[in-house]
1. Here's a check for you: in region 110-123, which residue that is part of a helix (DSSP H, G or I) and open to solvent by 70 Å² or more (accessible area, probe 1.4 Å) is farthest from residue 81 (Cα to Cα)?
2. Of the numbered conditions (1) under 44 Å from the mean Cα position of the chain (by Cα); (2) more than 30 Å from residue 93 (Cα to Cα), residue 131 satisfies every one except a single condition; which is it?
3. Could you grab me the full set of residues in region 84-109 that are open to solvent by less than 100 Å² (accessible area, probe 1.4 Å) and charged (D, E, K, R)?
4. Taking into account only those residues within region 130-165 that are of a type in the set (S, T, N, Q) and more than 30 Å from residue 120 (Cα to Cα), which is most open to solvent (accessible area, probe 1.4 Å)?
5. Output the number of the condition that residue 126 fails; it satisfies all remaining conditions of (1) at pLDDT 95 or above; (2) open to solvent by less than 90 Å² (accessible area, probe 1.4 Å).
6. Of the residues 55, 82, which single one is of a type in the set (A, V, I, L, M, F, W, C), under 51 Å from the mean Cα position of the chain (by Cα) and at pLDDT 95 or above?
7. Does region 67-83 contain any residue that is open to solvent by less than 100 Å² (accessible area, probe 1.4 Å), touching a residue at least 12 places away in the same chain (Cβ under 8 Å) and at negative phi?
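The values are calculated or read from the model by the stated rules, or taken from the named source; none is laboratory data. From a predicted model like this one, the values you see are computed outputs, not experimental measurements. Don't worry about glycine lacking a Cβ; one is built from the backbone with ideal geometry, like all the others, and counts go over all protein chains shown. Only protein heavy atoms, including side chains, enter the accessible area calculation; ligands, DNA and RNA are left aside. Shrake-Rupley method; radii C 1.70, N 1.55, O 1.52, S 1.80 Å.
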Amino acid sequence: MAGMSLLRSAAASLVSRLQPVQRGVLGRSALLRSAPPAAVVPVRFGSHGKRLFVITPSAYYDLRFLKLLKFYTLLTAVPAGIAIALINIFIGPAELVEIPEDYVPDPYEYYQHPITRFLARNVFHDYQQSYEQEMSLIHVENEKRILRLYENAARRSMRQNGDGPWYQYETLDKNLIDNAPKAEPDE
């Protein structure tokens, strides 16, 4: 493409030099030996420059992601900010007061901020509950271990005594097996 453009401009320059009427061979410019005017070659670029087909990635999905990110951030941040502001204004932090002699406070009541108290009461577990859950898991695993020991002892006893589920099924009589294909060797 570039070679054709260069060839076209060189051809246009050559044609302009060969036209004697335009150069003025018989006229005044031939006597003055002035420099020839620069060749004016019309080049069509369309709109203010050479048109190139530049491949660029689409920005549609980038803009869509940013718009959705902003939307969902505002969808959660605005109500959460309003709720936190209202809780801080109307409820406020807890204050220390005298408690009765026989009252045992719950673990979540030791926190000062109401949101932290809510999270400690409804979302997170206190240490006693976590301990009981861990002990329950250990108990279940221990019972599984004991059952595996019983199963291994039963299998060992079956192997030693020759007793097992395989003796519960009747085997076929040996006389029913056709040995004719095996009697003659292959050739």
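1. Filtering region 110-123 for residues that are part of a helix (DSSP H, G or I) and open to solvent by 70 Å² or more (accessible area, probe 1.4 Å), the one farthest from residue 81 (Cα to Cα) comes out as 110.
2. The failed condition is (2).
3. 106, 109
4. So the first thing to find is which residues in region 130-165 are of a type in the set (S, T, N, Q), and the list is 130, 133, 136, 142, 152, 157, 160-161.
Filter once more, keeping what is more than 30 Å from residue 120 (Cα to Cα): 142, 152, 157, 160-161.
Details: 142: 63, 152: 82, 157: 51, 160: 142, 161: 113 Å².
Across region 130-165, the extreme among qualifying residues is 160.
5. Going through (1) at pLDDT 95 or above; (2) open to solvent by less than 90 Å² (accessible area, probe 1.4 Å) one by one, residue 126 breaks only (1).
6. Working: 55 fails: at pLDDT 95 or above.
Answer to the check: 82.
7. So the first thing to find is which residues in region 67-83 are open to solvent by less than 100 Å² (accessible area, probe 1.4 Å), and the list is 68-69, 73-83.
Now drop any that are not touching a residue at least 12 places away in the same chain (Cβ under 8 Å), which leaves none.
No: zero hits.
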